[in-house]
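Participant: Have a look at the structure that comes next, please.
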Amino acid sequence: SEFRIGLLGGENASDRLRSNECLRERTEKLLGVETKLFAPADYNGVIEGLLGGNLDMAWLGASGYAKVYMSDPEAVEPVLVKVNVDGSYGYHSIGFARADSGIASLDDMKGKTFGFGDPNSTSGYLIPSIEIPQGGKSMVPGEFFGDVVFTGGHEQTIVAVYNGDIEAGVTWADGLGEWEDGYNSGALRKAVDAGLVDMSELVEIWRSKPIPEGPIVLATNLPEKVKLQMTALMATLPTVDPECAYGVIAGDAQGFMPIGHDAYTSIVDARKAKSE
């Protein structure tokens, strides 16, 4: 009777809904049923919506997908992944600070406050929480950084650093293109497009190894015809409606390609190790 799309956090709810309204309209026309967008306050809202059978589709981060899989391996199927302009399907966790702060690397962050988006974010917490300690800097508040805080999402982290509320934070970007544009796609690009930041006032201070882009997932119990229809809709969106795709994808990209669970086993293992 209806199709429900979950929108992961990263920017404020109204902007998420606006960026994806064209997708909602196309889905409703394609399936012939009422289509609704849901933009919960945090990542867990989408995760729980999928696990509880209250959402039919979402674009998850790799860590969010891992949490869903660990909770119920049969809940969702990964079907597509975003492809960058260079043909890769990875992205980076980017550490950044204000350019006038005197912070040029993590070494300059001793005793200072470091902001992370959401405990269920891959780039906004999971990967930095593994890689930064591997580089010799404890993530326990007070041991190296003065404090380690959660801001609530990528946009909130970017704004908090830009406004000087915290000294540095992490967010996600493909790492391609120009810094002043917020790279080609990601939360920084979204923030630039929204007029929230001037990238000349920010500086990159850390970058993770490449992270596999999170999958678009569909509820396993959907009719096969619906799965095929929605996979095709998403796969062709950049060609059929580039303007809509730009908003949905959060910047420039080639489009989408098929993906399966095997691409995320390393993230599942990392998440399991973290929980243990």
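The values are calculated or read from the model by the stated rules, or taken from the named source; none is laboratory data. Remember, it's a predicted structure, so these values are computed and weren't measured experimentally. Methodologically, a virtual Cβ is constructed for each residue, glycine included, from the backbone with ideal geometry; neighbour enumeration extends over all protein chains shown. Quick note on the areas: whole protein, heavy atoms, side chains included, nothing else; ligands and nucleic acids left out. Shrake-Rupley method; radii C 1.70, N 1.55, O 1.52, S 1.80 Å.
Participant: Please specify each residue of the range 127-141 satisfying the condition of being open to solvent by 10 Å² or more (accessible area, probe 1.4 Å), in contact with a strand residue (DSSP E or B) (Cβ under 9 Å, 6 or more places away or on another chain) and not hydroxyl-bearing (Ser, Thr, Tyr).
Facilitator: Ile127, Glu131, Gly135, Lys137, Met139, Val140, Pro141
Participant: If you don't mind, another one. Within the range 78-91, is even one residue at pLDDT 95 or above and over 30 Å from Trp179 (Cβ atoms)?
Facilitator: yes
Participant: If I ask for residues that are at pLDDT 90 or above and not acidic (Asp, Glu), which ones from the range 1-18 would you list?
Facilitator: Phe3, Arg4, Ile5, Gly6, Leu7, Leu17, Arg18 - these are the residues of the range 1-18 that are at pLDDT 90 or above and not acidic (Asp, Glu).
Participant: Could you check the range 54-95 and list, in sequence order, the residues that are part of a strand (DSSP E or B), open to solvent by less than 50 Å² (accessible area, probe 1.4 Å) and either without any contact (Cβ under 8 Å) to a residue 12 or more places away in the chain or under 12 Å from Leu8 (Cβ atoms) (or both)? Show your work before the answer.
Facilitator: Pass one, the range 54-95, residues part of a strand (DSSP E or B): 57-59, 76-83, 90-95.
Remaining after also requiring open to solvent by less than 50 Å² (accessible area, probe 1.4 Å): 57-58, 76, 78-83, 90-95.
Across the range 54-95, the qualifying residues are Met57, Ala58.
Participant: Just to be sure, is Glu48 within 21 Å of Asp118 (Cβ to Cβ), open to solvent by 50 Å² or more (accessible area, probe 1.4 Å) and part of a helix (DSSP H, G or I)?
Facilitator: When the stated conditions are applied, Glu48 passes them.
Participant: Here's something else I'd like to know. Kindly state which helices (runs of 4 or more DSSP H) lie completely within the range 161-276 and contain at least 1 residues that are within 20 Å of the chain's Cα centre (by Cα) and among the aromatic types (Phe, Trp, Tyr).
Facilitator: Result: 242-249.
Participant: So, one more: Out of all the residues in the range 15-45, which are farther than 21 Å from Asn221 by Cβ, part of a helix (DSSP H, G or I), open to solvent by 20 Å² or more (accessible area, probe 1.4 Å) and among the hydrophobic types (A, V, I, L, M, F, W, C)?
Facilitator: Scanning the range 15-45 gives Leu17, Cys22.
Participant: Sticking with this one: Can you name every residue in the range 250-276 that is in contact with a strand residue (DSSP E or B) (Cβ under 9 Å, 6 or more places away or on another chain), surrounded by 14 or more Cβ atoms within 10 Å (Cβ to Cβ) and either at pLDDT 90 or above or not hydrophobic (A, V, I, L, M, F, W, C) (or both)?
Facilitator: Answer for the range 250-276, where residues must be in contact with a strand residue (DSSP E or B) (Cβ under 9 Å, 6 or more places away or on another chain), surrounded by 14 or more Cβ atoms within 10 Å (Cβ to Cβ) and either at pLDDT 90 or above or not hydrophobic (A, V, I, L, M, F, W, C) (or both): Gly251, Asp252, Gln254, Gly255, Phe256, Ile259, His261, Ala263, Tyr264, Ile267.
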